[in-house]
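Okay, structure first, notes after.
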Amino acid sequence: MNPLSLSRSECCCGAIGRAGLNVSCVSSKIKKIDWSGMAVRYIGSKARLAEAILDIIGDPSKGSSHFVDGFCGTGIVARAAALRGWSVTGNDTLLSATYLADALLYNEHELDFARIGDYAAAIAELNKAEAANGFIWRTYSPASSMFCNYERRYFTEDNARRIDGVRNLIADWHERGLIGYREQALLVADLIEATNDIANIAGTYGCFLKKWTSQSEGKLVLVPRTLFPRRIDHKMNVGDVFNITTSESDTVYLDPPYTKRQYASYYHIPETIAYHDEPTVEGVAGLRPWKHIASPFCYKARALHAISDCIGRLRAKRVFLSYSSQGHVALDDLLTTLPNNGRVTVHQLGEIGRYRPNRIAAEGDASVEEYLIEVTKDGRA
């Protein structure tokens, strides 16, 4: 039986796919999440699937306690792993993503805000930061019409000035040695999340809305987060997934892009906030340069080879791949290719609502089927 054709009831009965592929179903464990409460609405977020994914991956053991998230995004799955007791290493091509992911894992005992007061005092000071006519104001608010050929409406002028002022103060504290890398990363993550609350966008920063929403007309306010309940071993790296280093005992989780959407272009403003730079931007959307980090997983002709090559380069013997029926690589093609890397088990997680960024996309299916594909290597390099 072709695993693509399995109904959910057949999967739950323990059906076996073609060529002896194991197929399981854990759709009943999908967590229902109120998207309105999420700090950053991220394409492909596994917020509703993280617990089900970790139920399949399992808890750390004496011989395997290190969890590597090759495409960490905002860190949802990495945090779920950490809550299970795994030590965590994350990787992403976007600096802003690694800040957001690390912020979910920081514990109060690894942070030092003593020169400012404490974490809450730092947030309070940032909310009082002097507004500035900086890069965000010049480039992504209506003030942009004075500096280029476009009037961009990502933020009101007041909120854009506040973003610039807060980011300037964070940079000033860091330059003066009042905070270190961790504190800076946490505060920038808090700023990115607060910025998302007042951005005049439909979900990503790929474009702005023509009319102001009530949300975008609110005031930028940073809110201190609840920190991770205990101190754990964690590290986030900015880089290419093909360059990550793993050991045979590591457990690796991969959640590559499924479609043509390049995250570097969809989240260009959080990147600019993270880097605190002033790149040369292009077009109506004001995109920062991103093609140098374009993902091969986003190109239909290259994605299948990229997935197989990525898994093949890993020394880790246990690799888990998230994939979706929305992806431009057919599940059949994956199941034909991945056995070259090891023994394959397909876990069918069930249906979730599909991200629909525009009217054309909204005309498609309302939901997609999500899978977790487990590849267990048998010694082949």
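No lab work stands behind these numbers, since they all come straight from the coordinates. These numbers were taken from a predicted model, which means no experiment stands behind them. Quick reminder, even Gly has a Cβ in these numbers, built from the backbone with ideal geometry, and neighbours come from all protein chains shown.
For the range 245-311, what's the relative contact order in percent, using C-alpha pairs closer than 8 Å and at least 6 residues apart? If you can, show how the numbers build up before the last one.
Details: 46 pairs, mean separation 22.9, N = 67.
Computed value for the range 245-311: 34 percent relative contact order.
Run the numbers on the range 47-202 and let me know its relative contact order in percent, using alpha-carbon pairs under 8 Å that are six or more apart. Kindly include the intermediate steps, with their values, before the conclusion.
On the way: 206 pairs, mean separation 28.6, N = 156.
Computed over the range 47-202, the figure is 18 percent.
Restricting attention to the range 104-170, which chymotrypsin sites (Phe, Trp or Tyr not before Pro) occupy a DSSP loop and are surrounded by at most 12 other Cβ atoms within 10 Å?
Listed in order of number, the matching sites are PHE147.
From the phi angles alone, apply the Karplus equation (6.51, -1.76, 1.60; θ = phi - 60°) to the range 322-330 and give each ³J(HN,Hα) in whole Hz, x where the residue is Gly or Pro.
After applying 6.51 cos²θ - 1.76 cosθ + 1.60, I find 7, 8, 9, 5, 6, x, 7, 9, 5 Hz.
What is the range 112-230 by shape, rounded, prolate or oblate, if you read a ≥ b ≥ c off the alpha carbon gyration tensor as root eigenvalues and call it rounded for a/c under 1.5, prolate for a/b larger than b/c, and oblate otherwise?
In terms of gyration-tensor shape, prolate.
Using each residue's phi in the range 292-305, evaluate 6.51 cos²θ - 1.76 cosθ + 1.60 at θ = phi - 60° and report the 3J(HN,Hα) Karplus result to the nearest Hz, with x for Gly and Pro.
Listing the rounded values in order: 5, 10, 4, 8, x, 5, 8, 9, 4, 6, 10, 5, 4, 4 Hz.
Is the shape of the chain best called rounded, prolate or oblate, per the rule: a/c under 1.5 gives rounded, else a/b larger than b/c gives prolate, else oblate, with a ≥ b ≥ c the square roots of the Cα gyration tensor eigenvalues? Numbers along the way, then the final one.
Working: a/c = 2.05, a/b = 1.52, b/c = 1.34.
Prolate, since a/c reaches 1.5 and a/b exceeds b/c.
Loop only per DSSP, at most 14 neighbouring Cβ atoms within 10 Å: give me the chymotrypsin sites (Phe, Trp or Tyr not before Pro) in the range 183-291, ordered by residue number.
Answer by residue number: TRP212.
Can you tell me, using C-alpha contacts under 8 Å and at least 6 residues apart, the relative contact order of the chain as a whole percent?
Details: 713 pairs, mean separation 72.7, N = 381.
19 percent.
Which parts of the range 108-122 would a label at ARG231 reach, counting a residue when its backbone N lies under 12 Å from a point 7 Å out along Cα-to-Cβ?
From the range 108-122, the list is 108-112.
Enumerate the residues in the range 136-168 having an amide nitrogen under 17 Å from the point lying 7 Å beyond the Cα of GLU282 toward its Cβ.
Within reach of a label on GLU282: 149-150.
With angles folded into 0 to 90 degrees, how steeply does helix 157-175 sit against the dominant principal axis of the chain? Use alpha carbons for both and round to 10.
The answer is roughly 80 degrees.
Could you put LEU335, LEU227 in order, starting from the residue whose Cβ has the fewest other Cβ atoms within 10 Å?
Arranged by neighbour count, lowest to highest, LEU335, LEU227 become LEU227, LEU335.
Could you work out how much longer the chain between GLU108 and ARG343 gets when fully extended? Use 0.36 nm per residue separation minus the Cα distance between them, nm to one decimal. Before the final figure, lay out each step's value.
Values: separation 235, 0.36 × 235 = 84.60 nm, distance 4.15 nm.
So the chain would gain 80.4 nm between GLU108 and ARG343.
For the range 239-252, what does the Karplus curve 6.51 cos²θ - 1.76 cosθ + 1.60, with θ = phi - 60°, yield as ³J(HN,Hα) per residue in whole Hz, taken in order and with x for Gly and Pro?
Per residue, the Karplus-derived 3J(HN,Hα) values read x, 7, 4, 5, 9, 6, 9, 9, 10, 4, 7, 5, 10, 10 Hz.
Calculate the spin-label point distance for LYS291 paired with GLU125, positioning each point 7 Å from the Cα along the beta-carbon direction, and give it in nanometres.
4.3 nm
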